[in-house]
Amino acid sequence: MSQKVAVIGAGLSGLTTAYYLRKRGNDVQVFEKAGRIGGVIETREEDGFLYENGPSTGVLGQPEAAALIEELGEACQLEIADEDAKYRWIWKGDRWHAIPSGLWGGITTPLFSWYDKFRILGEPFRKPGTNPNESLADLVLRRMGKSFLKYAIDPFILGVYSGDPSKLIVKYALPKLYNLEQNYGSFIGGAIKKSKEPKTDWDKKATKEVFSLRGGLKSLVNALGEQIGADRFHLNQKNLTVEYSEGKYQITDAAGQTFEFDKLISTVGGYALRQLFPFLPADKLAQIEAMKYARVVQVSVGFKKWEGMPIKAFGGLIPFHENRDILGVLFLSSFLKGRAPEGGALLSTFLGGVRKPKMVDLPDDEIKALVEKELKSMLGLTKWQPDLLVINRYQHAIPQYGIESAGRLQAIAELEAEFPGLLLGGNIRDGIGMADRIKQGRNLADSVTD
């Protein structure tokens, strides 16, 4: 049965939700505070460079992501990163080191101590943890050792969450890792056993490959927008009024027009819920608002002629212990086509994060100076003459699934039970990656249809 559904937020979660709702015959209206759709996804072309303000790539970690791209057809052509993306670098001391990918590399790498290299041999035999609120740092120290925390997990978390492994709760931030230990008893043994389990054709779509799209990630946004229909978007809605009465939801837009809906789906950040939904109990909202967000600066830097060291890799990450001014850098033109002129390079550099949030407040000149200093010294550049340099600041870049997570998820469940027809999605739950957002959007649409 067709229902009238409002979706608040036209980022990837909201667009995917609206797409599947429309596909199943529902009457959908999408409300977005910005003047465009796409949320943090924004592809730009300038002077021969194709860069992203926001996420630059995704990972096909969920079958739903691959399925959606397939459904959208020619308008959304998948681009799998080339072989260089398989190489990842970690900074230690005064140089980059490749993350080891095999037994010999694991033995010879200077990233980890000999003590921990021998200790890792016992990882399959250690007992699983019993604390559901164990931090990632505590888990890694317990199972792997200090050097693995410093030079593998810490930079990985900086690259994914811009976070602090001592503050992230494994069960919520990295549920697949948590489940390996809980279900199989170990990371190593669990990964081996899981790789041998039979997979359905659906499961095989989750190839875990790094991807973008021909023409950039805007292709996904544009294709979804076209399928949903331009007449179903309400943009520049900075002051929506939402009310709940007798099982229905009324939304009054910026022009004063009121719409009534059977279902209301929110995909906005936790920090925006209180203003949008004044009828929701304050104590429940406080539990959701307790989740912190990383503040991040992204600096896109392009060179028409690259004169630094060879950068045939996905990118490099810098452990917090190394006390540098950047979190990491992606070498986008090394593994995606058409990102820079031939012989040039496109880099995406990140600063700030949970442990250095004040970086976001620095003026542009200081950020430029820091990026110049770090990239020159770390990438072998003797001169600094970028042909592109774009700074973007994100006050709520990445949610941190910390100790408040159990209470936050319980509050969400209680609010949805108390207000029938209300569904709370977005990055307050279900993961932070593009594939996670797509999976959630499809599931939200299923919830309405079911």
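List of remarks:
- Residues of region 9-32 classified as closer than 17 Å to residue 219 by Cβ, within 17 Å of the chain's Cα centre (by Cα) and in a helix (DSSP H, G or I), total: 3
- Cβ-Cβ distances below 8 Å connect the following pairs, each with a first residue in region 57-83 that is modelled with pLDDT of 95 or more, a second residue that is surrounded by fewer than 19 Cβ atoms within 10 Å (Cβ to Cβ) and among the hydroxyl-bearing types (Ser, Thr, Tyr), and a separation of six or more residues or different chains: 60/207; 66/207.
- Region 134-145, residues that are touching a helix residue (DSSP H, G or I) at 6+ places or on another chain (Cβ under 7 Å), in a helix (DSSP H, G or I) and surrounded by fewer than 21 Cβ atoms within 10 Å (Cβ to Cβ): 137, 141
To keep it simple, each residue is scored yes or no on (1) closer than 29 Å to residue 218 by Cα; (2) touching a residue at least 60 places away in the same chain (Cβ under 8 Å); (3) touching an Asp or Glu at 6+ places or on another chain (Cβ under 8 Å).
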position: 321; (1), (2), (3): no, yes, yes
position: 331; (1), (2), (3): yes, yes, yes
position: 343; (1), (2), (3): yes, no, no
position: 348; (1), (2), (3): yes, yes, yes
position: 351; (1), (2), (3): yes, no, yes
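- Every residue from region 289-318 that is of a type in the set (Gly, Ala, Ser) and crowded, with 22+ Cβ neighbours inside 10 Å: 294, 300, 302, 315, 316
- Condition broken by residue 154, with the remaining ones in (1) acidic (Asp, Glu); (2) under 30 Å from residue 291 (Cβ atoms); (3) without any contact (Cβ under 8 Å) to a residue 60 or more places away in the chain satisfied: (3)
- Answer from 412, 367 - the residue that is within 30 Å of residue 23 (Cα to Cα), buried (at least 18 other Cβ atoms within 10 Å of the Cβ) and in contact (Cβ under 8 Å) with a residue 24 or more places away in the chain: 412
- Residue in region 191-203 that is touching a residue at least 12 places away in the same chain (Cβ under 8 Å) and under 30 Å from residue 120 (Cβ atoms) present: yes
- When residue 264 is tested against (1) more than 23 Å from residue 356 (Cβ to Cβ); (2) surrounded by fewer than 19 Cβ atoms within 10 Å (Cβ to Cβ), only condition (2) is not met.
- Counted residues, region 254-274 - those being touching a Leu at 6+ places or on another chain (Cβ under 9 Å) and outside any strand (DSSP E or B): 6
- Test: residue 120 is part of a helix (DSSP H, G or I), surrounded by fewer than 19 Cβ atoms within 10 Å (Cβ to Cβ) and either outside the structural domain of residue 179 (by TED's automatic domain parsing) or at negative phi (or both): yes
- In this structure, residue 275 does satisfy being over 19 Å from the mean Cα position of the chain (by Cα) and either under 23 Å from residue 395 (Cβ atoms) or not assigned by TED's automatic domain parsing to the domain that holds residue 33 (or both).
- Members of region 14-33 that are in contact with a Leu (Cβ under 8 Å, 6 or more places away or on another chain) and under 22 Å from residue 215 (Cα atoms): 15, 16, 19
The values are calculated or read from the model by the stated rules, or taken from the named source; none is laboratory data. Predicted, not measured: the structure shown is a model, and the values here were computed from it. Cβ atoms come from the backbone with ideal geometry, glycine included; neighbour counts cover every protein chain shown.
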